[in-house]
């Protein structure tokens, strides 16, 4: 199976640059994974495809303002004092380690060798490069006074994907309405379509909602650089499934209800947490699960998702669920029908 098998041609103007005024007003392409049949709807009509006794699985991670722009600290000649007039350096926080150490993506990397110190907010936050790890990522130790999260809120920017060039006027539009646990470097974007009102309506229908957590790293979105799909290595991401969520999912399955995941992150979480018999185990840890055609889903029955980048691991995941040919045909129709693509774009239900 080749990476190029998951390529499709996308006109640049179909990449959504801004969120719609109404979260649930986006379009919804409904794909029947058995027949390949396609319907075109509005997202709030998702209720037409949900039944009492089903379980919606949502990822309640919260995106942190993970993009920091600072200046390299360099020593002043003769005096040896610290002077912040060095090169600009951009950090993207990927994963928290212990002792205020974070795994980060640094640009430009050549200016960030071990020992380099970077000042953010005129010294409010200082980062020191401790080590270079896989794929050039840096381990950075931060020093500061006060509470790190408060400083980050003040200095950090939302880490919008590089294909979004517009500035985001309201940073809450890159959060789901149910975002709770800080830790993601990117939003679980399928969830951006839900409003509190729509979720309340879904619950009133008798649909259960299970909250799980997966802190989204950049590994999910990194381009696949190998020719052979199976040679691709996924970066690890932290996930957590509570006793309550596991019981809700398992009881739904036992009673004959469907498990409908909101987003590929919720899908990867429950598939990581399930044992071989499809029973979801409470607990958490790191997952490197890579789902591509040939994978047999243990828990998931249906998936609500956005439209993904060509040749991405997410294209491979949806192809594992609905079949590559059906997915490629659906994407071709979505392009023809002028759907909006990627993070702030339209949605797809695969059932």
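Tabulated data for the structure shown
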item	result
Rg to Rh, two decimals, where region 243-289 supplies the alpha carbon set and Rh follows Kirkwood	0.94
Sequence-separation-based contact order of region 214-351, relative, with Cα cut under 8 Å and 6+ spacing, percent	25 percent
Relative packing of 277-286, 338-347, which averages over residues the other C-beta atoms within 10 Å, highest first	338-347, 277-286
Full-extension gain in nm, residue 40 to residue 147, via 0.36 nm per residue minus C-alpha separation	33.8 nm
Cα-only radius of gyration and Dmax that characterise region 67-155, units Å	12.5, 38
Ordering of 59-72, 290-303, 2-15 by packing [mean C-beta count within 10 Å, highest first]	59-72, 290-303, 2-15
Listed candidates [x] 18.4; [y] 16.5; [z] 17.4 - label of the one calculated as mean projected area of the Cα convex hull in nm²	[x]
Those residues of region 239-278 whose amide nitrogen sits under 18 Å from the label point placed on residue 295, 7 Å along Cα→Cβ	239-241, 259-278
With eigenvalues of the C-alpha gyration tensor scaled by 5 and rooted, region 241-326, Å	23, 14, 11
For region 149-238, the fraction of alpha-carbon pairs in successive 10 Å shells from zero, as %	12, 36, 32, 17, 3
Region 198-351, Cα convex hull volume normalised per residue, Å³	126 Å³
Linear extension gain, residue 48 paired with residue 228, 0.36 nm per residue minus alpha-carbon span	60.9 nm
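Each value in this text was obtained by applying a stated rule to the coordinates, not by laboratory testing. Being a predicted model, the structure only gives us computed values, none of them experimental. In this analysis, Cβ positions are derived from the backbone assuming ideal geometry, glycine residues included, and neighbour counts consider all displayed protein chains.
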